[in-house]
């Protein structure tokens, strides 16, 4: 069940990443062409690219966690291979706490932004929508760290299921 949900979320994240990159490139490219050829351009293009890149970063971090590609200092686990599982669990715990704090404070700021009713200058997008990317990204990170922690625990107790985990990715 969790695997199916995670695969669905992963597919959605990959689509968001693809759309975010392509749409930003197209909007910025068209804006550059319009500015240089016709001395006119879209007012919203830079703002759109900014919000799109913020979305890309948070969704990309979630995918990076999924692929276990986060930057790590693993010199201790290199010299103490028996402590690798414990160190990975500690690392995931603190990262999960950071993700939960991101959700908590991001949610508070988003609800405050909602109460002010402010909109962005060019796109007239309600700013709470743009700021909602932060708690949503934290939620995706928390989900990924939870799944990663469960995989570490499963690997510690059932080392033979390592090939099953590799085939699931």
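The values are calculated or read from the model by the stated rules, or taken from the named source; none is laboratory data. Just so we're clear, the structure is a prediction, and the values are computed from it rather than from any experiment. Ideal geometry is used to build each Cβ from the backbone, glycine not excepted, and the neighbour counts take in all protein chains shown.
Where helices (runs of 4 or more DSSP H) fall wholly inside region 54-169, the ranges with 3 or more residues that are under 16 Å from the mean Cα position of the chain (by Cα), crowded, with 17+ Cβ neighbours inside 10 Å and in contact (Cβ under 8 Å) with a residue 24 or more places away in the chain are 84-116, 133-157. Here residue 50 clears all of (1) under 21 Å from residue 24 (Cβ atoms); (2) touching a residue at least 12 places away in the same chain (Cβ under 8 Å); (3) part of a helix (DSSP H, G or I) except the condition numbered (2). Residue 5 satisfies every condition listed in (1) in contact (Cβ under 8 Å) with a residue 40 or more places away in the chain; (2) assigned to a helix (DSSP H, G or I); (3) under 23 Å from residue 157 (Cβ atoms); (4) within 23 Å of the chain's Cα centre (by Cα) except (1). Please tell me if residue 42 is surrounded by fewer than 17 Cβ atoms within 10 Å (Cβ to Cβ) and touching a helix residue (DSSP H, G or I) at 6+ places or on another chain (Cβ under 6 Å). Answer is yes for this residue. Got at least one residue in region 31-39 being within 18 Å of residue 129 (Cα to Cα) and either at pLDDT 95 or above or outside any helix (DSSP H, G or I) (or both)? No, region 31-39 has no match at all.
Checking 54, 27 one by one, the residue that is under 20 Å from residue 134 (Cα atoms) and touching a helix residue (DSSP H, G or I) at 6+ places or on another chain (Cβ under 9 Å) is 54 and no other.
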